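The values are calculated or read from the model by the stated rules, or taken from the named source; none is laboratory data. Just so it is clear, the model here is predicted, and its values are computed rather than measured. Cβ coordinates were reconstructed from backbone atoms using ideal geometry, including for glycine residues, and neighbour counts include every protein chain displayed.
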Amino acid sequence: MTIEEILSSFPQKGQKLAQELTNSGLHCVGCGAATWETLEAGVLGHGYDETALNELIHRLNAILEQESDATSIGMTEKAAAKFLEVLKAENKEGWALRFGDKPGGCGGYEYVLDYSQKASSEDTVFHSHGVDIHVNKNMVERLMGSEIDYHDGLQGTGFKVSNPNVKSSCSCGSSQSY
């Protein structure tokens with residue numbers, strides 16, 4: 001399969017698959033080569049060996065096997081644990097996560113993560129791994145099915161949102177369109 005076929009065959013997992021490819025050193029996502037280059041050609045053509053290819057395939061398959069809930073908004077266990085740790089450090093234990101988006105960036109919208117002491121009447125409240133997530137009702141449709149994860153590494157540290165409703169995102173990865 002070409003890289004583009006892999007991503008388009010699993011649109012609900014596209015962002016996670018693209019991130020894994022990028023983390024592996026393949027910056028083919030969004031590149032013209034993705035339309036004709038197979039995963040194997042991409043890996044081997046970038047100087048990696050068969051072992052690296054097999055490990056990447058294993059990680060991509062693990063992403064495809066992950067359960068996702070298109071009827072909710074949630075966090076991974078790792079993200080929830082990190083958020084609770086941050087709340088404790090900020091003396092905001094018991095607070096919730098405010099999750100939303102706002103117009104901005106070159107893709108159209110940017111995600112917003114913030115603290116929320118109390119849900120308003122304009123919020124829908126989701127629960128995930130011991131964290132309440134407050135989302136303005138006007139944003140729920142665009143954000144439904146999103147999963148917030150936490151990455152800690154040399155290529156960047158922070159919360160990362162995977163949203164199955166995203167139609168495109170900018171190359172810098174900080175904004176998206178629906």
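Condition test on Lys88, is it under 26 Å from Arg142 (Cβ atoms), part of a helix (DSSP H, G or I), modelled with pLDDT of 95 or more and not aromatic (Phe, Trp, Tyr)? Give the steps one after another, and end with the answer.
Values: under 26 Å from Arg142 (Cβ atoms): no; part of a helix (DSSP H, G or I): yes; modelled with pLDDT of 95 or more: yes; not aromatic (Phe, Trp, Tyr): yes.
It is false that Lys88 is under 26 Å from Arg142 (Cβ atoms), part of a helix (DSSP H, G or I), modelled with pLDDT of 95 or more and not aromatic (Phe, Trp, Tyr).
Gly32: outside the structural domain of Val161 (by TED's automatic domain parsing), surrounded by fewer than 13 Cβ atoms within 10 Å (Cβ to Cβ) and more than 18 Å from the chain's Cα centre (by Cα), yes or no?
Working: outside the structural domain of Val161 (by TED's automatic domain parsing): yes; surrounded by fewer than 13 Cβ atoms within 10 Å (Cβ to Cβ): yes; more than 18 Å from the chain's Cα centre (by Cα): yes.
Criteria met by Gly32.
So, of the residues in segment 54-80 that are in a loop (DSSP other than H, G, I, E, B), touching a Gly at 6+ places or on another chain (Cβ under 8 Å) and surrounded by 12 or more Cβ atoms within 10 Å (Cβ to Cβ), which turns out to be modelled with the highest pLDDT? Lay out the reasoning, then the answer.
Of all residues in segment 54-80, those in a loop (DSSP other than H, G, I, E, B) come to 66-73, 76.
Keeping just the survivors that are touching a Gly at 6+ places or on another chain (Cβ under 8 Å) gives 68-73.
With surrounded by 12 or more Cβ atoms within 10 Å (Cβ to Cβ) added as a condition, the list becomes 68-69, 72-73.
Details: Ser68: 74, Asp69: 78, Ser72: 92, Ile73: 97.
Out of the qualifying residues, it is Ile73.
Would it be correct to say that Lys88 is surrounded by 13 or more Cβ atoms within 10 Å (Cβ to Cβ), assigned by TED's automatic domain parsing to the domain that holds Val112 and closer than 30 Å to Asp123 by Cα? Before the answer, list the steps.
Details: surrounded by 13 or more Cβ atoms within 10 Å (Cβ to Cβ): no; assigned by TED's automatic domain parsing to the domain that holds Val112: yes; closer than 30 Å to Asp123 by Cα: yes.
Criteria not met by Lys88.
For segment 120-145, what are the residues that are under 17 Å from the mean Cα position of the chain (by Cα) and hydroxyl-bearing (Ser, Thr, Tyr)?
Answer for segment 120-145, where residues must be under 17 Å from the mean Cα position of the chain (by Cα) and hydroxyl-bearing (Ser, Thr, Tyr): just Ser128.
Filter segment 1-24 down to the residues that are surrounded by 15 or more Cβ atoms within 10 Å (Cβ to Cβ) and among the small types (Gly, Ala, Ser) and list them by number.
Matches in segment 1-24: Gly14, Ala18, Ser24.
Identify the residue in segment 164-177 that is touching a strand residue (DSSP E or B) at 6+ places or on another chain (Cβ under 7 Å) and either of a type in the set (A, V, I, L, M) or not in a strand (DSSP E or B) (or both) and, among all such residues, is modelled with the highest pLDDT. So that I can check it myself, show each step before the final result.
Filtering segment 164-177 down to residues touching a strand residue (DSSP E or B) at 6+ places or on another chain (Cβ under 7 Å) leaves 166-169, 174-177.
Pick out the ones that are also either of a type in the set (A, V, I, L, M) or not in a strand (DSSP E or B) (or both) and you get 166-167, 174-175.
Numbers: Val166: 80, Lys167: 71, Ser174: 65, Ser175: 60.
Looking at the filtered set, the residue picked out is Val166.
If we keep just the residues of segment 95-140 that are of a type in the set (Asp, Glu) and exposed (fewer than 15 other Cβ atoms within 10 Å of the Cβ), which is nearest to Ser68 (Cα to Cα)? Walk me through how you get there before you give the answer.
Residues of segment 95-140 that are of a type in the set (Asp, Glu), as a first pass: 101, 110, 114, 122-123, 132.
Remaining after also requiring exposed (fewer than 15 other Cβ atoms within 10 Å of the Cβ): 114, 122.
Values: Asp114: 23, Glu122: 26 Å.
That would be Asp114.
Among the residues of segment 105-133, write down those that are among the aliphatic types (A, V, I, L, M) and under 16 Å from Met75 (Cβ atoms). Lay out the reasoning, then the answer.
Applying the first criterion (among the aliphatic types (A, V, I, L, M)) to segment 105-133 yields 112-113, 119, 125, 131, 133.
Within segment 105-133, Val112, Leu113, Val125, Val131, Ile133 qualify.
Test Glu50 against the stated conditions and say whether it is surrounded by 11 or more Cβ atoms within 10 Å (Cβ to Cβ), more than 16 Å from the chain's Cα centre (by Cα) and in the same structural domain as Leu7 (by TED's automatic domain parsing).
Judged against the criteria, Glu50 is not a match.
Is it fair to say Leu113 is in the same structural domain as His127 (by TED's automatic domain parsing), closer than 25 Å to Met144 by Cβ and either more than 18 Å from the chain's Cα centre (by Cα) or of a type in the set (Val, Ile, Thr) (or both)? Give the steps one after another, and end with the answer.
Numbers: in the same structural domain as His127 (by TED's automatic domain parsing): yes; closer than 25 Å to Met144 by Cβ: yes; either more than 18 Å from the chain's Cα centre (by Cα) or of a type in the set (Val, Ile, Thr) (or both): no.
When the stated conditions are applied, Leu113 does not pass them.
Looking at segment 39-53, can you tell me whether even one residue there is part of a helix (DSSP H, G or I), at pLDDT below 80 and over 22 Å from Ser162 (Cβ atoms)? Spell out the reasoning first.
Residues of segment 39-53 part of a helix (DSSP H, G or I): 39-45, 50-53.
Those still in the list that are at pLDDT below 80 too: none.
Looking for residues that are part of a helix (DSSP H, G or I), at pLDDT below 80 and over 22 Å from Ser162 (Cβ atoms), one finds none in segment 39-53, hence no.
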